[in-house]
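These notes are about the structure you will find just below.
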Amino acid sequence: MKFCSHCGASVNQRIPSGDNRPRFVCDECQAIHYQNPRIIAGCLPVHGEQVLLCKRAIEPRRGYWTLPAGFMENGETLAEAAARETWEEACAQVRALELYTLFDLPHIHQVYMFFRAELHEGAFGIGEESLEVRLFHEHEIPWSELAFPTIGRTLECFFADRKHRVFPVRNEAITRWQKPAPSA
């Protein structure tokens, strides 16, 4: 950050009085600019014994499979954000959303939250941010072609929990991720 969004003056990074970490502070109006983690909301859409995945049409990780998810917008609830992202990426409506996995990614300043959800009437399509959208049985999941560790971990938990029909809310930290080599 170089300039204050309140008055346009330059900012410097320093620890404001009464704080304990560096913040961008305006040299003119003294406004403190907090930078907080971004929230990613998504769904694990389920239809019978299958889950819905989208092949990304955008970077990062274009061409890799993901659950429908994206940044939460101002003015919406977490569940609304997850349902909206599912509509945008998979032209799918979901219902019976239940919070399922929460992942803290402090190294990239993000928090991922996924809901288990029923795919309404099994209907879906290809949204603007997807190259392909399809339902997968567990044995069909393209594990080596998943876009992010949060996706793989959510799917691992789901298939393990499904055996017992108990789906606890899980919260885990993912501190670093080594990007896999591109698939051929």
* Asked: In whole Å, how far is the Cα centre of region 22-50 from that of region 61-137?
  -> 16 Å
* To do: With the Cα gyration tensor of region 80-176 in hand, give its eigenvalues times 5 under a square root as the equivalent ellipsoid semi-axes, listed largest first in whole angstrom.
  => 21, 17, 15
* Structure fact -> Counting all Cα-Cα pairs in region 1-60, those more than 13 Å apart amount in percent to 71 percent
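If the chain between ILE58 and ASP161 were fully stretched, how many nm would it gain, using 0.36 nm times the residue separation less the Cα-Cα distance?
Working: separation 103, 0.36 × 103 = 37.08 nm, distance 3.08 nm.
Length gained between ILE58 and ASP161: 34.0 nm.
Where does the charge balance sit around ALA173 when Lys and Arg score +1, Asp and Glu -1, over other residues with C-beta under 12 Å from its C-beta?
+1
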* At a probe size of 1.4 Å, how large is the accessible area of SER17, to the nearest 10 Å²? -> 130 Å²
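Mind ranking ARG134, ARG61, ARG165, ARG116 by accessible surface for me, highest first, 1.4 Å probe?
Details: ARG134 85, ARG61 20, ARG165 150, ARG116 45 Å².
Accessible-area ranking of ARG134, ARG61, ARG165, ARG116, largest first: ARG165, ARG134, ARG116, ARG61.
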* To do: Specify, per residue and in Å³, the volume enclosed by the convex hull of the alpha carbon atoms belonging to the chain.
  => 151 Å³
* To do: Can you send over the solvent-accessible area of VAL11, 1.4 Å probe, protein chains only, in Å² to the nearest 10?
  => 20 Å²
* Asked: With the other protein chains left in place, how much accessible area per residue, in square angstrom, belongs to region 6-114 at a 1.4 angstrom probe?
  -> 52 Å²
* Please give the net charge around GLY8, taking every other residue with its beta carbon less than 13 angstrom from that of GLY8, where Lys and Arg add +1 and Asp and Glu add -1. => -1
* If you line up the long axis of helix 149-162 against the longest principal axis of the chain, both from Cα atoms, how many degrees apart are they, to the nearest 10? -> 40 degrees
* Working with all protein chains in place, sort ASP161, ASP27 by solvent-accessible area computed with a 1.4 Å probe, largest first. => ASP27, ASP161
* Report, in debye and to the nearest 20, how large the dipole of the chain comes out about its Cα centre when Lys and Arg carry +1 and Asp and Glu carry -1 on their Cβ. => 600 debye
* To do: Could you look at region 8-129 and say what percent of its accessible area is carbon and sulfur, using a 1.4 Å probe and all protein chains?
  => 48 percent
* Stokes-Einstein diffusion coefficient of region 1-101, Kirkwood radius over Cα pairs, 20 °C, 1.002 mPa s, in µm²/s -> 130 µm²/s
* With a 1.4 Å probe and every protein chain left in place, tell me how much accessible area MET1 has, in Å² to the nearest 10. => 90 Å²
* Considering only DSSP beta bridges whose two residues both sit in the chain, what percent are antiparallel, to the nearest 5? -> 65 percent
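The values are calculated or read from the model by the stated rules, or taken from the named source; none is laboratory data. The structure displayed is predicted, hence computed values, not measured ones. Glycine also receives a Cβ, built like all others from the backbone with ideal geometry; neighbour counts cover every protein chain displayed. With ligands, DNA and RNA removed, areas are computed over all heavy atoms of the protein, side chains included. Shrake-Rupley method; radii C 1.70, N 1.55, O 1.52, S 1.80 Å.
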